[in-house]
Structures are given as C-alpha cells and as structure tokens.
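Input: a single structure, listed below in structure tokens.
What follows is calculated from the coordinates using simple rules that are stated; it is not laboratory data. Because the structure is a prediction, the values reported are computed rather than measured. Here Cβ is always computed from backbone atoms with ideal geometry, including for glycine, and neighbour counts include all displayed protein chains.
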C-alpha cells in the first residue's frame, strides 16, 4: 500500500515559468514532510521541508504548501531553470520506536525544464 | 561538509554470489538506512538502524541482511544475489528525532 503518492511520473515546463509538483499521502500520523531532488547517478539531496504545524514554507525559488485536510502537499518552483531538471521525491516521516524517524518516499516525478 | 560514502559505485555480480555493500558516514549520526530505487517504485526502505548493533526491517527486507558493528558503518548483505535484486542501492544517515536524511551517491548493482 503506497502511503505517499506522486501521481505524475513526469512534468515538462518552460524555463522561467512555474513548476508545480504534487504529492498525496494517506497516513494522518505523518507530521513532517520533505522534498528531495535527484540527478541521474547521484544520491538524492534534501531540498525543503515542512512541519505539520505549518501550511507553507519558503526557501528562495522553492515553496512547499501543505493541506492537511486534503492530505496533500505541493512544491512550487518559481522561476524554473534548466538546472532544476531532475527527479523530485516527496517524503513523509513516520515515527518508529524511540527517536528514529523513518521516511516514506513517493515514486518520484521527473521534471524537465525546457530552455 | 557532511559525507556519506558508499564503497562501490558500480558492481556486476552473478546469481547466487554473496554481495557486500558498504556505507560510511562521518557525521556521527545515530540512524542509518538502506534504500533501493527502482523505476516507477521510488525509494523503498530495506533496513535501518538507530544504534550500533541494532537493526530494524524496512518495507522490503527479504533477501537482505545488514550489519552495524560501528556507529559510522552500515553494511548491506545479499546472501545469495538474484536478478530481481538488480537495482540502485542508496545508503543514508540522519540524526535522532525529526531530521533530513543525507544520502550517499548510490551503488548500481547488476546481477546476471
């Protein structure tokens, strides 16, 4: 059962326009959400996160929005640049045992920013 | 700068071979993880560890085992490799509590 879903496998956007990547989750116990970016043949790198007590977090060109009632979050990239072309993974934290956090990842969305 | 190092970037093994994937982190993190990435399936958790000599099964532990003898090192072991274990393997570490994962560059394993 996929607890974190990214229903769009790919997205193509023109340079300078807005990219919107979406993520849905099913587990209401998730309390922390992250976005990772991954280039081919490299490990994922952390991009931005949001706690469930907030509904928006912004870092430069990247903004994450959280809608808890809809169990939905989105990542906005404005303006999009060709270097943003990568696979983006949404992840949600599920606490386990003591202080460990186990991240559940979505299937990823391949973003292609066209020059 | 934080660093998670995976010993091999690319490996080719034969069915039935024993395979060791090594991961070392230099951040004194408590938690370490092994994921595999497959097209259309995202990142799936194999095993994780929140302390030395401790291990917990993730979502897809079958066919794998792990070892954590030292805090900085977390090894993934394929006792008898099979073709369906051909994948990109990613090691990660994190500090206790709510925190981001730091990933290594990945190990691309091909089992023939």
**Item:** Full-extension gain in nm, residue A:110 to residue A:27, via 0.36 nm per residue minus C-alpha separation
**Value:** 27.5 nm
**Request:** With a bin width of 5 angstrom, please list the P(r) values of chain B as percents of all Cα-Cα pairs, from the 0 bin to the one holding the largest distance.
**Result:** 2, 13, 24, 27, 19, 10, 4, 1
**Fill in**
Highest GNM mean-square fluctuation among A:41, A:86, A:94, for chain A with Cα springs under 10 Å, belongs to A:41
**Prompt:** Which whole number gives the average, over all residues in A:37-43, of C-beta atoms from other chains lying within 10 Å of the residue C-beta?
**Reply:** 5
**Asked** Just the Cα atoms of chain A: what Rg and Dmax do they give in Å?
**Response** 13.8, 47
**Prompt:** Dimensions of the protein assembly as shown along principal axes (Cα, Å, largest first)?
**Reply:** 49, 39, 36
**Item:** Most to least packed among B:20-31, A:7-18 [average Cβ atoms within 10 Å]
**Value:** B:20-31, A:7-18
**Complete:** Listed with the fewest Cβ neighbours within 10 Å leading, B:34, A:35 appear as A:35, B:34
**Residue-averaged beta-carbon neighbours from other chains (10 angstrom radius) around B:56-63** = 1
